[in-house]
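Remarks on the structure that follows.
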Ligand code: GAP
């Protein structure tokens with residue numbers, strides 16, 4: 001397998017993402033808008049596949065985790081109690097000469113933009129987006145866009161626990177948008193101001209916290225491997241004591257080797273009873289759990305695996321990008337796991353001749369019951385295979401003139417480019433069988 005040089009990998013993936021409809025710069029016709037991005041037809045599907053793979057492993061395949069979809073708009077009281085209003089900020093300095101603003105811990109005593117030494121003292125810059133709910137813009141109507149999905153799981157802890165009748169250890173999972181007014185967004189969708197998170201809060205008896213923390217670090221690492229991430233591109237990094245978030249007694253990051261170096265994909269944290277206690281005391285509503293069996297009341301500890309969906313999608317794209325040679329020609333191929341590929345099966349009638357269309361469409365209709373499919377009848381078959389390889393389609397099904405006679409089609413596999421003839425009656429079973437390998 002040819003390895004794409006790291007220095008240009010990022011450029012190639014960003015170009016491919018734009019050219020093939022994965023990710024577009026947002027508001028591009030107006031010159032773009034501050035590191036925001038829109039997900040095109042293939043991108044929205046791949047992002048959904050990433051989120052579905054997470055939901056399947058965290059909720060569907062378990063009986064100790066349930067789902068939640070909490071509001072994005074939230075009152076200041078939540079963020080006062082969680083500590084975000086006071087601690088979720090970066091120290092910033094302004095250059096009085098050119099008016100640029102920088103993170104104080106990223107620069108020395110001169111402005112990196114104009115070289116002036118005339119800088120303000122560092123001031124804390126709040127990272128939460130503030131807005132107003134309702135028609136009146138006063139202090140009483142202030143609302144924040146959530147900077148993490150987690151707080152919805154804490155404030156609903158008892159609602160969920162009592163309605164689902166779960167007992168610790170159990171978890172609440174949520175996927176959704178979060179917003180942070182990042183000072184230095186960048187590296188494509190690695191750091192943006194609007195992004196999607198996949199978070200799970202796992203509530204446990206305090207004495208079991210460490211064992212569950214280790215369990216979730218291992219589980220989450222396995223999830224990336226299982227979806228095809230190469231082990232040499234992943235590492236676990238425990239946080240030093242001085243970099244822990246205000247709520248954490250221990251955090252281990254799962255990191256991916258991005259083209260510029262190791263970067264966080266996900267943090268697994270032991271949030272202790274910090275959040276539940278903070279909300280209990282600020283709201284006056286107890287968030288303790290009453291264990292009927294032991295007649296004990298306690299505040300559970302929380303183990304939190306917190307991942308970025310958009311960041312994970314970017315990492316899967318980077319890891320999957322490859323170039324090799326097929327029939328003496330250079331080809332670009334995304335070696336995506338079939339579960340993540342935006343198109344799982346492409347149906348390609350060999351020619352545009354009308355005789356082939358009815359059978360090809362019949363095959364498409366059957367495959368669509370099981371897979372995300374594309375139908376493409378234009379250009380030479382070789383060109384169409386390349387187009388599918390480039391977006392990671394694992395299987396192409398070609399309907400030719402023989403198919404009309406023998407009731408069979410050709411199945412071509414992306415990575416090996418191997419082709420086999422398969423009877424139409426066995427096509428679905430054959431492809432489902434391939435997903436199990
Ligand atoms: N509830 C804990 C929490 O939010 P975090 O480490 O700040 O922890 C979790 O965020 C994950 O969310 C990160 O590992 C990253 O994948 C993603 N994430 C955070 N900020 C992001 C940003 N500005 N752009 C894209 N993804 C981001």
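Using r as the Cβ-Cβ distance of residue 63 and residue 18, and R0 as 35 Å, what FRET efficiency do you calculate, to the nearest 0.05? After rounding, the FRET efficiency stands at 0.25.
Beta bridges assigned by DSSP with both partners in the chain are antiparallel in approximately 85 percent of cases.
If we count other beta carbons within 10 Å of each Cβ, what is the order of 403, 281, fewest first?
Going from least to most buried by this count: 281, 403.
A quarter of the convex hull surface defined by the alpha-carbon atoms of the stretch 209-296 gives 8.5 nm² as the mean projection.
The helix-based estimate of mean residue ellipticity at 222 nm for the chain, built from -39,500 (n - 2.57) per DSSP H run of four or more residues and divided by its residue count, is -9000 deg cm²/dmol to the nearest 500. Please work out whether the stretch 123-276 counts as rounded, prolate or oblate from its C-alpha gyration tensor, where a ≥ b ≥ c are the square roots of the eigenvalues and a/c under 1.5 means rounded, while otherwise a/b larger than b/c means prolate and anything else oblate? Cα axes put the stretch 123-276 in the oblate bin. Using a simple spin-label model with pseudo-atoms 7 Å out from Cα toward Cβ, residue 241 and residue 107 lie 3.3 nm apart. Counting neighbouring beta carbons within 10 Å and listing from fewest to most, the residues 242, 253, 105 come out as 242, 105, 253.
From least to most packed, judged by other beta carbons within 10 angstrom and beginning with the fewest, 34, 437, 220 follow the order 437, 34, 220.
Pop the C-beta distance of residue 117 and residue 142 into the FRET formula with R0 = 35 Å and round what comes out to the nearest 0.05.
0.40
Of the listed peptides 307-318, 263-274, what is their order by residue-averaged count of other C-beta atoms within 10 Å, with the highest listed first?
307-318, 263-274
Which length gain, in nm to one decimal place, applies between residue 163 and residue 361 when the Cα-Cα distance is subtracted from 0.36 nm times their residue separation?
Gain on extension, residue 163 to residue 361, equals 66.7 nm.
With a ≥ b ≥ c taken as the square roots of the eigenvalues of the C-alpha gyration tensor of the stretch 354-437, please select rounded if a/c is under 1.5 and otherwise prolate if a/b is larger than b/c or oblate if it is not? Judged from the Cα gyration tensor, the stretch 354-437 comes out rounded (a/c under 1.5). Under the simplified labelling scheme, the residue 27-residue 80 pair shows an inter-label distance of 3.2 nm, with each label point 7 Å from Cα along Cα→Cβ.
Just so you know, all these numbers are worked out from the coordinates, no wet-lab data involved. This structure is a prediction, so every number in the text was calculated from the model and none was measured. A quick note on method: Cβ atoms are made from the backbone with ideal geometry, for glycine too, and the neighbour counts reach across all protein chains shown.
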